[in-house]
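*Asks:* Input: one structure, supplied below.
The values are calculated or read from the model by the stated rules, or taken from the named source; none is laboratory data. Keep in mind it's a predicted model, so treat the numbers as computed, not measured. Positions of Cβ are backbone-derived with ideal geometry, glycine not excepted, and every protein chain shown enters the neighbour counts. Note: accessible area is taken over every heavy atom of the protein model, side chains too, but ligands, DNA and RNA are not part of it. Shrake-Rupley method; radii C 1.70, N 1.55, O 1.52, S 1.80 Å.
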Amino acid sequence: GALTTYTTDTLVHNDEIYVVVTGSNGCSDTSSTTTMTVNALPTPGITGNDTICQGSVEIYTTEAGMSNYDWEVTAGGTVTGGGDGNDNITITWDNIEDQSISVNYEDGNGCAAPSATELEIWVNKSPDTGPGYHIENEFDP
């Protein structure tokens, strides 16, 4: 027979639903009741330093045991380990000032957050060094 789809966004956890089917002859039948399970969407967290020095290699982590990890890194960082598909990412921060990373994943129910969690990173400039920055030593014993 014909297939009819009913969609609603008003169901909440533990709502009970059932289906009533009525044929073209006017006869109907009611399905058994099913209790809805509505899972909360995950909220990924990011653990790691958010104020660092230029050239630093930092490891960031999120919750373990999830799937389809999706990391994003601004152009100022280079991924040197982990990353997509992993619950951690290792980044070498080459560019200074405002940078960021973000992550999203699917939990055990196959649910993902509506948007990735972002961590703002501030990368401090490393001090300039080398022969041009040496101070003459005027000390003569």
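*Asks:* May I ask you to give the percent of accessible area on the chain that is carbon plus sulfur, with a probe radius of 1.4 Å?
*Replies:* So the carbon and sulfur contribution to the accessible surface is 49 percent.
*Asks:* Could you sort Cys111, Cys53 by their accessible area in this structure, using a 1.4 Å probe and putting the largest first?
*Replies:* I get Cys53, Cys111, largest accessible area first.
*Asks:* By how many nm would the segment from Thr7 to Gln54 lengthen if fully extended, with 0.36 nm per residue of separation less the alpha-carbon distance?
*Replies:* 11.8 nm
*Asks:* To the nearest 20 debye, what is the magnitude of the charge dipole of segment 1-135 about its Cα centre, counting +1 on the Cβ of each Lys and Arg and -1 on the Cβ of each Asp and Glu? The partial results should precede the final answer.
*Replies:* Details: 1 positive and 19 negative charges, 28 e Å.
Result for segment 1-135 is approximately 140 debye, rounded to the nearest 20.
*Asks:* Stick to Cα atoms and the Kirkwood definition of Rh, then tell me Rg/Rh for segment 35-95.
*Replies:* Ratio value, two decimals: 1.11.
*Asks:* When the distances between all Cα atoms of segment 74-117 are binned every 10 Å from zero, what whole-number percent does each bin get?
*Replies:* 24, 46, 24, 5
*Asks:* Over all alpha-carbon pairs of the chain, lay out the pair-distance distribution in 5 Å bins, whole %, shortest bin first.
*Replies:* Each 5 Å bin holds this share of Cα pairs: 2, 8, 13, 12, 9, 8, 7, 7, 7, 6, 5, 4, 3, 2, 1, 1, 1, 1, 1, 0, 0, 0, 0.
*Asks:* While we're on this one: Please list, in order along segment 35-41, the HN-Hα scalar couplings obtained from phi with the Karplus expression 6.51 cos²θ - 1.76 cosθ + 1.60 (θ = phi - 60°), rounded to whole Hz, x for Gly and Pro.
*Replies:* Values per residue, Gly and Pro as x: 8, 6, 10, 10, 8, 5, 6 Hz.
*Asks:* What is the ratio of the Cα radius of gyration of segment 1-51 to 2.2 N^0.38 Å, with N the residue count, to two decimals?
*Replies:* 2.05
*Asks:* Going through segment 18-96, which chymotrypsin sites (Phe, Trp or Tyr not before Pro) have at most 10 other Cβ atoms within 10 Å and a DSSP loop state?
*Replies:* Tyr18
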